[in-house]
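Participant: Submitted below is the structure of interest, expressed as structure tokens.
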Amino acid sequence: MEAYDNSFHNDVMHVISHTSIFAGVGIAEQKMLAEKFTMVTSDIDDIVIEQGEIGDSLYVIIKGQMQVSIKTMSMGWKRINILGPGDVFGEIAILRNIPRTARISALTPCRLLTINAKDFLAVYQYFPARARDNIQLVVAKRLQELGSYAHL
């Protein structure tokens, strides 16, 4: 993955304000996040997140499609979802302090915003309670969905 410089503050603000997981996050917190995000690219078949690894970053898809796969006991790797622009991934491991719950790989060339766990958590503490609750509900729902694949 290739990193870009951080001179795209307004574009990042636009993305953050239109990303559902950040609903309820105030302008001040959006600005703090925007200052910490960087842009990376990935090529087809690049593995951005590997199941079981320590989570150190959160990602927002700007362009392209990512595949979510989990390793099953009987079927090997199983695709469980496809993510596209505006979708966020990597938040579960950061917010729950657990290993990555799935593999995320590029189906197409992608542009992603990324923020490291330390920077995200530093800003997250300033999110309004409603916004933190929204994110925790998304995390809980995703973990529940992943649990339904655990027996495969």
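Participant: As an exercise: evaluate residue 10 against (1) surrounded by fewer than 19 Cβ atoms within 10 Å (Cβ to Cβ); (2) farther than 25 Å from residue 134 by Cβ and give the number of the one condition it does not meet.
Facilitator: Failing condition for residue 10: (2).
Participant: Could you list all residues from region 94-152 that are among the aromatic types (Phe, Trp, Tyr) and farther than 19 Å from residue 55 by Cα?
Facilitator: Result: 126, 127, 149.
Participant: For the list (1) assigned to a loop (DSSP other than H, G, I, E, B); (2) over 27 Å from residue 127 (Cβ atoms), I need the number of the one condition that residue 86 fails.
Facilitator: (2)
Participant: Hey, another quick one. Please go through region 63-80 and pick out each residue that is at pLDDT below 95 and of a type in the set (A, V, I, L, M, F, W, C).
Facilitator: 70, 73, 75, 77, 80
Participant: For region 136-143, does any single residue satisfy the condition of being part of a loop (DSSP other than H, G, I, E, B) and modelled with pLDDT under 95?
Facilitator: No - not one qualifying residue is present in region 136-143.
Participant: Restricting to region 94-134, give me the number of residues that are surrounded by 15 or more Cβ atoms within 10 Å (Cβ to Cβ), at pLDDT 95 or above, of a type in the set (Gly, Ala, Ser) and assigned to a helix (DSSP H, G or I).
Facilitator: Summing the residues that are surrounded by 15 or more Cβ atoms within 10 Å (Cβ to Cβ), at pLDDT 95 or above, of a type in the set (Gly, Ala, Ser) and assigned to a helix (DSSP H, G or I) in region 94-134 gives 1.
Participant: Within region 71-92, identify whether any single residue is closer than 21 Å to residue 16 by Cα, of a type in the set (Lys, Arg) and more than 11 Å from the chain's Cα centre (by Cα), and answer yes or no.
Facilitator: No, every residue in region 71-92 fails to be closer than 21 Å to residue 16 by Cα, of a type in the set (Lys, Arg) and more than 11 Å from the chain's Cα centre (by Cα).
Let's see how each residue does on (1) modelled with pLDDT of 95 or more; (2) touching a strand residue (DSSP E or B) at 6+ places or on another chain (Cβ under 9 Å); (3) part of a loop (DSSP other than H, G, I, E, B); (4) under 21 Å from residue 100 (Cβ atoms):
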position: 15; (1), (2), (3), (4): no, yes, no, no
position: 28; (1), (2), (3), (4): no, no, no, no
position: 31; (1), (2), (3), (4): no, no, no, no
position: 40; (1), (2), (3), (4): yes, yes, no, yes
position: 53; (1), (2), (3), (4): yes, no, yes, yes
position: 59; (1), (2), (3), (4): yes, yes, no, yes
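Participant: Among residues belonging to region 48-70 that are surrounded by fewer than 14 Cβ atoms within 10 Å (Cβ to Cβ) and not acidic (Asp, Glu), point out the one that is farthest from residue 21 (Cα to Cα).
Facilitator: 52
The values are calculated or read from the model by the stated rules, or taken from the named source; none is laboratory data. What you are looking at is a predicted structure, and each value in this text was computed from that prediction instead of being measured. Cβ atoms come from the backbone with ideal geometry, glycine included; neighbour counts cover every protein chain shown.
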